[in-house]
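Taking it in order: structure first as structure tokens, then the write-up.
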Amino acid sequence: MRTYIALFSVLVSGIGFSQRTDSVETKTPRFIVKMTHGMTNNNNFDFTNSEWERMTPGFQIPDSFQLGWGADYQQNLHSFSSNSYYMFSFAFINGKKKQADRKFLATTTIHLGYGPEVTASKYWYHQDLQVIDTLTSSQNGQEYYVTGNRMQTIAKTYRSSTIAIGVGQHIATNPNRLFQFETGLDILCLLSIASEVRASYYDSYFVDGLPYSNSNAGAYLYPVLTESRSESFSGNFTAGVIMRVPLEMSFKLSRKSPVASRMRIGWELNPGLAMQFANGKTSNNFSMSGGMNFRFAF
């Protein structure tokens, strides 16, 4: 009888110890979810001329047309433009059983997001200048050359939103402190969605050199003919990669509350390198995103 009582006592104490151990483990966070909203710059790239023509039937580039300076100008202009992005991140806390003794927190993170936007643009032109008349001033006998200036331009732009899927390894300072700093390395794969190509043709004819009415001082352009047409097409699927270094600072919402102490509000800045892949070309440009985030450890 005493043997049964002893075994029962050991069993009860073992169950009690197991329950206390489980309760401690359930209080130790194993995962972190984070939601981010911010701004990111566009990723710029280019297609080959044959790809541009294949995507925009009816807007072929004649051999007489030259590549315009506006292509580089538009690329630089796009690089300063930005758009919103959203990111959901799910992190696995590494070495969760040793968290109590750690001064740093290491996580493996999976990302799913919307943005940034990818853009491409190109501009071609042909200019034909001809002297069509000569005017002589009745006051001083000075000659004025009247020039006919025909300018034909073709502009093509590609624009697409993207979804981002990626993974990262992060390390952060002690999560028990009020303020926490986090950094690491993320690799994001970009896939284009809802892409569109727009092509425009402009044909303008100006007369240059006609003097102002009742004055021989100066001359200006007289528009004679202007013709234009535009059309939109569905764009090609494109893919890209962003390698970035996250820089984040966050603070706890509470030190004492069991729930609020697991919540953090943070700010992040993500500099990196973006690579965009199109048929026949790979383009690189600097990537920058930043915003606010909310995270919860459980």
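Only the coordinates and a few stated rules stand behind these numbers; no lab work does. Since the model is a prediction, treat every value here as computed from it, not as a measurement. Quick reminder, even Gly has a Cβ in these numbers, built from the backbone with ideal geometry, and neighbours come from all protein chains shown.
Table for the structure above
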| item | result |
| --- | --- |
| Whole-Hz ³J(HN,Hα) from phi, Karplus 6.51 cos²θ - 1.76 cosθ + 1.60, for the range 58-64, glycine and proline x | x, 10, 5, 9, x, 4, 6 |
| Net charge of Cβ neighbours under 12 Å - reference S161; Lys, Arg +1; Asp, Glu -1 | -1 |
| Amide hydrogen neighbours beyond the local backbone of N94, cut-off 5 Å, H modeled | A106, T107, T108 |
| Net charge of Cβ neighbours under 12 Å - reference T147; Lys, Arg +1; Asp, Glu -1 | -2 |
| Neighbour-count order for K156, K34, K103, fewest beta carbons within 10 angstrom listed first | K103, K34, K156 |
| Neighbour net charge for N174 - beta-carbon separation under 10 angstrom, K R +1, D E -1 | +3 |
| Karplus-derived 3J(HN,Hα), 6.51/-1.76/1.60, for each residue of the range 266-272, Hz, glycine and proline x | x, 10, 9, 9, 10, x, x |
| Karplus 3J(HN,Hα) series, Hz, for the range 135-146 with 6.51 cos²θ - 1.76 cosθ + 1.60 (x for Gly, Pro) | 10, 10, 5, 6, 8, 10, x, 6, 8, 10, 8, 9 |
| Euclidean distance between Cα centres, the range 238-271 to the range 98-144, Å | 32 |
| Set of aspartates and glutamates with alpha-carbon distance to K156 below 16 Å, sequence-local pairs under 8 removed | D46, E51, E53, D72, E196, D203, E231 |
| Set of aspartates and glutamates with alpha-carbon distance to K34 below 14 Å, sequence-local pairs under 8 removed | E182, E248, E268 |
